[in-house]
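Working notes, beginning with the structure itself.
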Amino acid sequence: MSDATDDRLVIALRGAATELLGHRSIRDLENLLGQVIASAVETIPAVDAGSISMVEQGRVETRHPTSELIGQLDDTQSELGEGPCLSAILDPPESGVVVAQDLAGDDAPRWPRFSEAVVRAGFRGLLSVQLTTQGGVRGALHLYAERPNAFDEHSRTLAGLFGVQAAVLLYGANQAHHLQRAIDSRDLIGRAKGILAERFAIDDETAFQMLVKSSQDTNLKLTAVARWVAESASARQVKPS
């Protein structure tokens, strides 16, 4: 690996870390995640395309593919139930790295149906790095190569480093998502309490207890009851006289 490649790697990873510290919204984190994938493709020798896959509601979903074709190939793995990406997510080796050096050669029997599809699309190699976080996010970084035997030891090391960055960003995006949901729920419940307090001339605590009891009696989540109260109030406000 050349000094120039080393420099590009350091710059890319340092830039990602700096931006991560300066951004807090889900959109910022997701955009940065896409930049990390693009940087990995640009920096790692012989890599021509990339993406990330995540397990969401029992299905593997593609995130930030560098092209529409890559997104289709990732979806093909999910549909077929086989491929290096799925292996890295669902049944990873101890290293967390799954390497297919030639999907038209020795690696083809490992994932026969997917290998046929990816070779037909113009790729021969695929390297997938498992992304794990303590937040329960399950995913993998995928790097595609057009030529066979493209992934040497340096490529695997670099892919692992970019995988660390991507895992941190996925964790950040996941945490930001849950935090935003918590904030939205708090605001919604607060609005519903205010509506009930005004309508029935009661204090804030009594209004909250009304929401809780309604939630228990209807077997609905507290946020669902609060949303119904808020939407009902809005509907009455716009109803023509």
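If we scan the range 90-97, do we find a residue that is among the polar types (S, T, N, Q) and surrounded by fewer than 18 Cβ atoms within 10 Å (Cβ to Cβ)? Looking for residues that are among the polar types (S, T, N, Q) and surrounded by fewer than 18 Cβ atoms within 10 Å (Cβ to Cβ), one finds at least one in the range 90-97, hence yes.
Going through (1) open to solvent by less than 20 Å² (accessible area, probe 1.4 Å); (2) in contact with a strand residue (DSSP E or B) (Cβ under 6 Å, 6 or more places away or on another chain) one by one, LEU103 falls short only on (2).
With respect to the conditions (1) modelled with pLDDT of 80 or more; (2) outside any helix (DSSP H, G or I), PRO240 falls short on a single one, namely (1).
Check whether at least one residue in the range 73-91 is within 25 Å of the chain's Cα centre (by Cα) and closer than 20 Å to SER39 by Cα, and report yes or no. Don't jump to the end; show me each part of the working.
In the first step, residues of the range 73-91 are kept if they are within 25 Å of the chain's Cα centre (by Cα); the result is 73-91.
So of that shortlist, the ones also closer than 20 Å to SER39 by Cα come out as 74, 85.
Among the residues of the range 73-91, at least one is within 25 Å of the chain's Cα centre (by Cα) and closer than 20 Å to SER39 by Cα, which makes the answer yes.
Residues that are under 36 Å from the mean Cα position of the chain (by Cα) and open to solvent by 100 Å² or more (accessible area, probe 1.4 Å) within the range 221-238 comprise LYS221, ARG227, TRP228, GLU231, listed in sequence order.
For the range 72-102, what are the residues that are part of a loop (DSSP other than H, G, I, E, B) and either in contact with a Phe, Trp or Tyr (Cβ under 6 Å, 6 or more places away or on another chain) or in contact (Cβ under 8 Å) with a residue 24 or more places away in the chain (or both)? So that I can check it myself, show each step before the final result.
Of the residues in the range 72-102, the ones part of a loop (DSSP other than H, G, I, E, B) are 81-83, 91-96, 101-102.
Correct list: GLU82, GLY83, PRO92, GLY96, GLN101, ASP102.
Among the residues here, ARG113 qualifies as open to solvent by 30 Å² or more (accessible area, probe 1.4 Å) and either within 20 Å of GLY34 (Cβ to Cβ) or part of a helix (DSSP H, G or I) (or both). Filtering the range 46-71 to residues that are in a loop (DSSP other than H, G, I, E, B) and at pLDDT below 85 leaves GLN57, GLY58. Within the range 191-220, being surrounded by 18 or more Cβ atoms within 10 Å (Cβ to Cβ) and among the charged types (D, E, K, R) holds for one residue alone: LYS193.
The values are calculated or read from the model by the stated rules, or taken from the named source; none is laboratory data. All of these numbers come straight from a predicted model, not from anything done at the bench. No Cβ is skipped: glycine too gets one built from the backbone with ideal geometry, and neighbour counts run over all protein chains shown. Surface accessibility is based on the protein's heavy atoms, side chains included, excluding ligands, DNA and RNA. Shrake-Rupley method; radii C 1.70, N 1.55, O 1.52, S 1.80 Å.
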